[in-house]
Structures are given as C-alpha cells and as structure tokens.
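Asker: Quick one: this structure, given as structure tokens, is what I'll be asking you about.
The values are calculated or read from the model by the stated rules, or taken from the named source; none is laboratory data. What you see is a predicted model, and the numbers here were worked out from it, not measured in a lab. Because the Cβ atoms are built from the backbone with ideal geometry, glycine has one as well, and the counts that use them run over all protein chains shown. Just the protein is used for accessible areas: all its heavy atoms, side chains included, with ligands, DNA and RNA removed. Shrake-Rupley method; radii C 1.70, N 1.55, O 1.52, S 1.80 Å.
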Amino acid sequence: MINRLVILGATGDLNARYLLPALTALRAAGHLPDHFELRCADRQDWTAEAFRRWASDQLDRHAAREQHEAGNAIAERAEYRQADATDPAALAALLAGDGPAAVYLALPPGIFPGTVAALRDAGLPPGSRIVLEKPFGEDLDGAVALNRLLAQVVPEQAVFRVDHFLAMTTVQNVLGSRLANRVLEPLWNSAHIAEVEIVWEESLALEGRAGYYDGAGALKDMVQNHLLQVLCLVAMEPPLSLGERDLRDRKIDVLRSVRPLTDDDVVRRTRRARYGAGRIADRDVPAYAEEDGVDPGRGTETFAEVVLELDGWRWSGTTFRLRTGKALGRDRKEVAVRFRPVPHLPAGFGEEAEPNVLRFGLEPEGMTLALTGIGAGSHVLAPVTLTARPAPPGLPAYGRLLLDVLHGNAALSIRGDEAEESWRVLEPVMSAWSRDLVPLVDYPAGSDGPAVVRGS
C-alpha cells in the first residue's frame, strides 16, 4: 500500500467536496495508517495553517457528521505548499521523501499534459502512481498524446484514470443484478429489451463552475465518460472475473461495437441545448449565457442527448439513449431498461399491457421493476411495482477509488485504449456539432428540457 498522497489543485472544488471527505471516510473506517502522509499543493499563496483551516471548514460542510474526529485528523496532518503544477522543480520538492507516492491531478484537463511532463522531468519515486480525473484529454488526438506522455513516466498499471461513477453502489448493482440472477441474464439481449436509457438530469444549474464547465459542456462533462462507462457495464458480455484485465477487456469490446455515426445519424439521433432564464423550485435562475464566467460565444451546451446502437448478436435492434442536462425541473438519475411488449395478449383483457421497465436509481440509490398484474376488476390489468433499497455503501465512491489507488487495484480505472475509444465513439458528434449541423436550442430553466430525439 502507498502511504503518501499528493494532491495537485488542492484548493479546488474536487478536493473540497470529494477527496477530503473520502480520506476522512477511509480514516474513520481504519483504512489509513497513522503514518499516512497527505501533501497538498496549488497556486494559492497560503500558509499551511491557512490551508488546514480551509480544509476543516470544507469537511464541516461536506463530510459525514459522525466522522468529525477523523476529519480533524486529516485536516491537522495535511501539508500545504504553494506550487505550479507544471514546474518540475516545484514538483520535485513536493515529492521529496521516502517511498512511492500517489499523485492526484485534481486539475483542469487542459493542464494535464504540462503536469505529466513536469512529473517526468521531476522524477517520480519508483513505484509511484498517477491519478487523473476525467475527461482524459479533450478529444481523441489529445487522449492519444496524453497516453504517450504518461507512458514516458510510469507503466500503464500505475496510471489511474478515475471515474467515480464506476465506484457508485448502484452502478455496480447493474452488473451484479445481471450476472448474479438467472432470471435476468437470459433476457439481457435485443430479443427482449427494446431500449436502455442512461440518464443524468439534474435541477442544479452552473453553481459557480463556469471556469471548467464552459470549456467542456454536457457532452464532454457527462456523456463521453460517465454515461459511456455505465453503457459498458449494461451492455458488456459476462467477464470471466472482476479482475482488471477481464473487466476492462469486456468494456472496451462494447465501445468498439458502437456503430459509427454519420452526419445524417448525428442530425437524427442527437440533440444539444442550453438553459435559458427560468425558475426552479423557489429560486430564479438566470440564462446560462448570462451566468458569471460564461462566454456566450462558445455555444456551450448544458443538455446533450445521443442515441447509439451496438453491432453484434446480443444487441442488434436495441437502442441506447444517453441523456444529461442541467437546470431541469426535476432530478432524474437512473438506468431504465425497457423491455419489449408481450408478443400476444389473450382476448378479454380490458387494455394493453404496458412493457416492463427495470430501473436502477443512481442517485438516490434504488431498484424498481414495473410489472403488470390484475387490478380490482376481473380481467382488468393494473401496474405492479416491486421496489428495493440497497444498504448504504460502506465507503463513498471517491473513498473506494482512493483505496484502490493506494492498493494498486486498477479494475475500476479506465485503461488507456479505453479512454481513446470513448473519444472515438463521440468524435462524429463533436465534429457535426462544431459545424452546427445540429442546432443549439434553448429550454427554460425548470422545464423538462428539449423533446426526446427519435431513435432512428
């Protein structure tokens, strides 16, 4: 186990909201030794004491209340240095010490190449690991170049391209429910499933993230990584094991099977939009183009929808709808597996049976199965819903990811070729959108968003 974690970009939102609370959860669960070192660095000209106060304040806001003592221990022992993440000399000083380190790049993706090059020139201690947040590169060429650069610093097994969606309990539940239940796997194909919806719609608006979001947009921020990763778990063939090679080989098979989109496909099967002024619950929301830090000329989308098809025996004829949006009227974060209607319903039933739908709630966590049964009247069909609530996870998603990094378990890490293939899937969409083949439409904040695109 690596006992030194170095966080670059340590005064940012990622560290405040996720990494520090995750370390607190690991400490509270007894996963971190007493001699664990946390070194943090950023451009802010702060003293170590000022950083500790800031860290303590963030933990008060974002960590579990019952983990207060563990949070204090994390904040009190954190070291801080002002440093430029692209300066080899500064990084060499930060990495000085005994033993390997895990270096977490909690930075904007545009800085990754400069930081990785600086780590190469600084010289990482043997056995060290590099952790990168999504997106991995900003396009296919960028991902290829970044992978080549990483290969100059550490072996592929020491590169952790993390996506916290993969560590969410309900995302794992998609795979577990499929493979551990005989009743589901025989039906898990296009003969029985008409459509799979992978949806992350939220009522949150920009919430002060213009610095990152306006340069990314919904397609790169959510679809290219999070939602494609969920697609892989839904559609993959059963792996021989959950080890890093078997699991990741089956995921990349899915990405390679995605039918390439032509310009005409992109026009018919995708939609992009951004929110205008509106009202969500009890608050007024300004139009995205009027939010602080937004450049309206970029044409950044806050809503993206892409309908994909997979080539192969299992999924030919099933559509996969990936949809995400901000500032919508309600939160909807789920995987909805829509089964085909029954081929024949005996005469005498009062109405048609609705197709079954299996839903995996991503946030909040849960599972529901919509069936059809008999209602109060004879031969009258009525909906029947079975609901399950999984036990709360022992660790938050980022806690599990950090534990995997420290122990060197790369099963939930994105492999280099997988990162490139994810960009390849969406390159036709990015190209067509850049040429305005798909118009950027508006939707009022607090609404249901644009209409669903056709699947063909």
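Asker: For the range 173-273, state the semi-axes of the equivalent ellipsoid (square roots of 5 times the eigenvalues of the alpha-carbon gyration tensor), sorted largest first and rounded to whole angstrom. Mind dumping the intermediate values first?
Answerer: Working: eigenvalues 166, 63, 43 Å².
Equivalent ellipsoid semi-axes, largest first: 29, 18, 15 Å.
Asker: What is the percent carbon and sulfur in the accessible area of the range 211-366, measuring with a 1.4 Å probe over the protein chains and ignoring ligands?
Answerer: Carbon with sulfur: 48 percent of the solvent-accessible area.
Asker: Okay, next question. Need the full-extension length gain, Asp13 to Ala48, defined as separation in residues times 0.36 nm minus the C-alpha distance. One decimal, nm.
Answerer: Details: separation 35, 0.36 × 35 = 12.60 nm, distance 1.84 nm.
Value of the extension gain: 10.8 nm.
Asker: Pull up the DSSP beta bridges for the chain and report the antiparallel fraction as a percent, rounded to 5.
Answerer: Bridges in the chain are about 55 percent antiparallel.
Asker: Over the Cα atoms of the range 83-147, what Rg and Dmax result, in angstrom?
Answerer: 11.9, 37
Asker: Work out the FRET efficiency for Ala277 and Asp87 from their Cβ-Cβ distance, taking R0 = 51 Å, and round it to the nearest 0.05.
Answerer: 0.75
Asker: Working only with C-alpha atoms, what are the Rg and Dmax values of the chain, expressed in angstrom?
Answerer: That works out to 23.2, 80 Å for Rg and Dmax.
Asker: When Rg is the radius of gyration of the Cα atoms in the range 99-202 and Rh is its Kirkwood radius, what does Rg/Rh come to? Write down the numbers at each step before the final one.
Answerer: Numbers: Rg = 18.7 Å, Rh = 16.6 Å.
Answer for the range 99-202: 1.13.
Asker: So how far, in whole Å, is the C-alpha centre of the range 132-197 from the one of the range 62-118?
Answerer: Computed from Cα coordinates, the inter-centre distance equals 25 Å.
Asker: Could you tell me which of Ser447, Leu175, Leu381 has its Cα farthest along the dipole of the chain towards the positive end, charges placed at Cβ (Lys, Arg +1; Asp, Glu -1), taken about the Cα centre?
Answerer: Toward the positive end, the furthest listed residue is Leu381.
Asker: Any idea of the accessible area per residue across the range 1-111, 1.4 Å probe, to the nearest Å²?
Answerer: I get 46 Å² per residue for this part.
Asker: Any number yet on Rg/Rh for the range 1-141, C-alpha, Kirkwood?
Answerer: That ratio is 0.96, to two decimals.
Asker: Continuing with the same structure: Going by the alpha-carbon gyration tensor, a ≥ b ≥ c the square roots of its eigenvalues, is the range 327-372 rounded (a/c under 1.5) or, if a/c is not under 1.5, prolate (a/b greater than b/c) versus oblate?
Answerer: prolate
Asker: Is any residue of the range 385-424 close enough, with backbone N under 13 Å, to a label point placed 7 angstrom from the Cα of Val357 along the Cα-Cβ axis, and if so, which?
Answerer: 385-386
Asker: Is there a quick way to get the dipole size of the range 202-318? I mean about its Cα centre, with the Cβ of Lys and Arg at +1 and of Asp and Glu at -1; what is the value in debye to the nearest 20? Write down the numbers at each step before the final one.
Answerer: Values: 17 positive and 22 negative charges, 74 e Å.
Dipole of the range 202-318, to the nearest 20 debye: 360 debye.
Asker: In the range 13-127, carbon and sulfur make up what percent of the accessible area (probe 1.4 Å)?
Answerer: 45
Asker: Next up: What's the FRET efficiency of Arg314 with Val342 using the Cβ-Cβ distance as r and R₀ = 25 Å, to the nearest 0.05?
Answerer: 0.75
Asker: Here is a follow-up. Between Glu237 and Leu440, how high is the FRET efficiency from 1/(1 + (r/R0)^6) when r is the Cβ-Cβ distance and R₀ = 45 Å? Nearest 0.05.
Answerer: Working: r = 37 Å, r/R0 = 0.83.
Here the calculated transfer efficiency is 0.75.
Asker: List the residues, sorted by chain then number, that are 5 or more residues from Asp163 or on another chain and whose placed amide H is less than 5 Å from its amide H.
Answerer: The answer is Ile414.
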